[in-house]
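*Asks:* Structure in structure tokens, see below.
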Amino acid sequence: MKSLLKTAVLLGIIVSFSSCHDKSKPNYQYMPNMYESVAYETYSESSAFNSPTGLHGKEGQLPPVGSIKRGFIPYEIPNTTAGYDFAKATLKSPLDSTAVDMEKAQGLFEIYCAICHGNAGDGQGKLVKQQKFLGVPNYKDRQITEGSVYHVQTYGLNSMGSYANQLSQEERWMVAAYVMELRSKL
């Protein structure tokens with residue numbers, strides 16, 4: 001009985017080894033894509049994320065609809081005259097006076113704003129003196145608030161473009177506080 005069991009086990013082992021052997025395809029691979037990966041050209045289009053919308057490989061790279069980046073607070077006031085008036089009347093800085101770094105705000109103002117508005121906020125920046133832009137307002141002559149300055153930095157106004165891509169929300173509030181300080185000095 002023991003010899004019959006040993007023979008059956010030996011026969012089973014021989015059958016299992018011989019059944020996996022294929023002379024046309026030697027060396028059976030369990031996951032062939034790991035051994036023989038498909039080569040892709042750098043920066044070429046891929047069908048990895050193809051979709052019925054026809055985005056050709058970009059669907060997997062798009063953020064979900066309605067998502068916002070971490071730490072971002074949406075600015076809900078529209079880019080209209082009514083939105084400007086609403087921001088001017090009601091919008092207040094979320095930063096307290098101790099959170100505003102006036103040296104950093106001055107540096108940001110000199111980088112982004114002083115080229116047109118001047119270092120003193122008098123509307124006599126380098127581009128105005130060279131007559132590249134005309135009609136840049138003096139802060140003393142304008143009825144502005146922190147909210148209106150922030151709104152204009154976010155959306156732009158007339159010839160001035162938006163600075164929302166260059167300055168974070170906190171930096172725009174700091175520059176708005178600095179503009180109000182300049183206005184009080186004029």
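*Asks:* Based on the mean of other Cβ atoms within 10 Å per residue, sort peptides 165-174, 123-132, 31-40 so the most packed one is first.
*Replies:* Put in order of decreasing packing, that is 165-174, 123-132, 31-40.
*Asks:* Here's a follow-up. May I ask for the net charge around S93, where only other residues with Cβ less than 14 Å from the Cβ of S93 are counted and Lys, Arg are +1 while Asp, Glu are -1?
*Replies:* -3
*Asks:* Follow-up question, since we're still on this one. Show I13, I111 ordered by accessible area, largest first, where the area counts protein heavy atoms only and the probe is 1.4 Å.
*Replies:* Largest accessible area first, the residues go I111, I13.
*Asks:* Shifting gears a bit: Compute the Kirkwood hydrodynamic radius of segment 129-186, taking the inverse of the mean of 1/r over all pairs of distinct Cα atoms, and give it in Å to one decimal.
*Replies:* 12.1 Å
*Asks:* Using a 1.4 Å probe on the protein heavy atoms only, what accessible surface does R142 show? Give it in Å² to the nearest 10.
*Replies:* Spelled out: R142, probe radius 1.4 Å, area about 90 Å².
The values are calculated or read from the model by the stated rules, or taken from the named source; none is laboratory data. The model shown is predicted, which means the values in this text are computed figures rather than measured ones. Quick reminder, even Gly has a Cβ in these numbers, built from the backbone with ideal geometry, and neighbours come from all protein chains shown. Side chains are part of the model used for accessible areas, which takes the heavy atoms of the whole protein and leaves out ligands, DNA and RNA. Shrake-Rupley method; radii C 1.70, N 1.55, O 1.52, S 1.80 Å.
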